[in-house]
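What follows draws every value from the coordinates through simple rules; no lab data is involved. Here the structure is a predicted model, which is why all the values come from computation and not from measurement. Virtual Cβ from ideal backbone geometry, glycine too; neighbours counted across all protein chains shown.
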Amino acid sequence: MTRQRVLSGVQPTGNPHLGNYLGAIRNWVENQSQYENFFCVVDLHAITVPHDPKILATDTYGIAAIYLACGIDLTHSNIFVQSHVPAHSELTWLLNCITPLNWLQDMVQFKEKAIKQGENVSTGLLDYPVLMAADILLYQADKVPVGEDQKQHLELTRDIAARFNHLYGNKGKQRILKQPDPLIRSEGARVMSLTDGTKKMSKSDPSDQSRINLLDTPEQIQQKIKKCKTDPHRGLVFDDAERPEANNLLTLYMLLSGQSKEAVAIECQDMGWGQFKPLLTETTIAALQPIQEKYHAVMADKGYLESILRQGREQAAAIANDTLLKVKSALGYSIPL
Ligand code: TYM
């Protein structure tokens with residue numbers, strides 16, 4: 001039996017943080033042996049908001065190195081860079097022409113990011129979810145493991161595939177593009193900010209204090225947890241509605257220590273913050289240390305990283321170009337010989 005295919009990606013903007021790891025990359029690693037996997041560094045998405053050309057390439061390599069450092073295994077998975085496979089841009093254009101504008105205007109992430117950009121919102125930011133749909137549909141992916149914030153983009157991807165098949169696949173009888181399923185875990189899919197337990201941990205938060213980056217030093221981690229927002233209650237409980245900070249920090253402890261929710265609930269039920277914070281600090285430092293060591297080793301060997309990305313690109317392009325050809329042929333394009 002052929003294995004189902006997985007596709008996912010992270011943007012090379014800013015430092016990857018615990019939200020990216022616990023909401024996405026960790027789940028890719030845990031499930032990779034069940035699937036045929038394509039993990040992409042989505043550098044075309046990175047320029048939908050203002051970016052610095054001097055660091056784009058280094059950040060792109062950095063995310064690929066983070067994938068390897070977190071445990072992506074090349075016997076099950078391919079790692080590649082989105083811009084190295086031109087089919088992503090080309091399919092985006094073709095899908096743009098069948099995607100109603102109001103579908104994009106309704107996207108929550110667009111509205112949130114657009115407010116931050118003021119008058120300089122680019123067409124690319126509006127079109128971001130179509131590029132994401134192209135990333136997924138090119139590979140006829142069955143599953144897309146992401147954090148909670150990407151759910152709406154996945155629904156849009158499914159809608160675009162269905163619309164394309166309806167318009168150009170004999171009213172949907174021919175399945176030219178496969179509708180993917182999101183894989184969103186119940187725990188860790190929405191890691192919250194350290195400075196406000198009701199806000200998502202995010203690379204774009206101006207305060208670095210709000211997130212733990214995967215490459216933070218032990219001193220930075222200690223200082224961020226020491227200063228992070230808590231509540232005045234004694235005894236720590238998982239309670240998303242009434243105690244968002246306690247809920248978030250206990251969830252981090254649970255996931256990073258690899259314990260069950262029940263075990264953590266019992267261990268921490270009588271603790272105060274003064275006892276819990278050093279425990280979380282120690283656990284976080286210990287969980288990130290092997291990732292950081294592997295990251296630095298991979299980054300020190302650029303030739304190795306480039307060879308992985310070249311191989312990943314070849315594997316990816318073969319599948320992507322095949323889908324692109326099917327889409328162009330369904331749209332009526334003449335195919336050059
Ligand atoms: P990006 O780089 O913003 O996020 C990468 C992954 O991290 C997850 N994530 C979180 N999970 C839990 N808690 C958080 N606080 C948190 N913050 C981020 C995101 O859900 C995501 O899974 N648009 C995508 C990138 C993308 C993509 C794709 C993903 C482009 N093409 C195709 C899957 C398939 C994004 O938000 O990247």
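I'd like the orientation of helix 244-257 relative to the chain: the angle between its Cα long axis and the longest Cα principal axis, in ° from 0 to 90, rounded to 10. Taking the Cα atoms of the chain, the angle to 244-257 is about 80 degrees. Counting every other Cβ atom within 10 Å of each residue's Cβ, GLU242, GLU112 order from fewest to most as GLU242, GLU112. Of the chymotrypsin sites (Phe, Trp or Tyr not before Pro) in region 228-337, the ones in a loop by DSSP (not H, G, I, E or B) with at most 14 other beta carbons within 10 Å are TYR333. Classify the chain as rounded, prolate or oblate from the Cα gyration tensor: take a ≥ b ≥ c as the square roots of its eigenvalues, call it rounded if a/c is under 1.5, otherwise prolate when a/b beats b/c and oblate if not. Prolate, since a/c reaches 1.5 and a/b exceeds b/c. Listed by Cβ neighbour count within 10 Å, with the fewest neighbours leading, PHE39, PHE110 appear as PHE110, PHE39.
Dividing the mean sequence gap of close Cα pairs (under 8 Å, 6+ apart) by how many residues region 1-153 holds gives a relative contact order of 35 percent. In region 168-264, Cα pairs under 8 Å separated by at least six residues give a relative contact order of 21 percent. Angle of helix 273-299 to the longest C-alpha principal axis of the chain, folded into 0 to 90 degrees and rounded to 10: 40°. For the pair MET1 and ASP73, label points projected 7 Å from Cα toward Cβ lie 2.0 nm apart. May I ask you to derive the FRET efficiency for SER89 and VAL237 from their Cβ-Cβ distance with R0 = 56 Å, giving the value to the nearest 0.05? So the FRET efficiency works out to roughly 0.70.
To the nearest 0.05, how large is the calculated FRET efficiency for ALA297 and GLU30 if R₀ is 22 Å and r is the Cβ-Cβ distance? Calculated transfer efficiency: 0.50. If you run the Gaussian network model on the chain, springs between alpha carbon atoms under 10 Å, then out of LEU101, LEU22, LEU125 the most flexible one is LEU101.
Cα gyration tensor of region 191-239, axes a ≥ b ≥ c as square roots of the eigenvalues: rounded (a/c below 1.5), prolate (a/b > b/c) or oblate?
Because a/c hits 1.5 or more and a/b fails to exceed b/c, region 191-239 counts as oblate.
Across the chain, the longest run free of exposed loop sites, meaning trypsin sites (Lys or Arg not before Pro) lying outside DSSP classes H, G, I, E and B with no more than 11 other Cβ atoms within 10 Å, spans 1-170. Annotation: extensible slack from GLN209 through LEU167 equals 10.3 nm (criterion: 0.36 nm per residue apart, minus Cα-Cα distance). Note on SER260/LEU337: beta-carbon distance plugged into 1/(1 + (r/R0)^6) with R0 of 41 Å gives a FRET efficiency of 0.10.
Exposure proxy ranking for CYS97, CYS268, based on other Cβ atoms within 10 angstrom of each Cβ and starting from the fewest, stands as CYS97, CYS268. The long axis of helix 87-96 is offset from the longest Cα principal axis of the chain by roughly 80 degrees.
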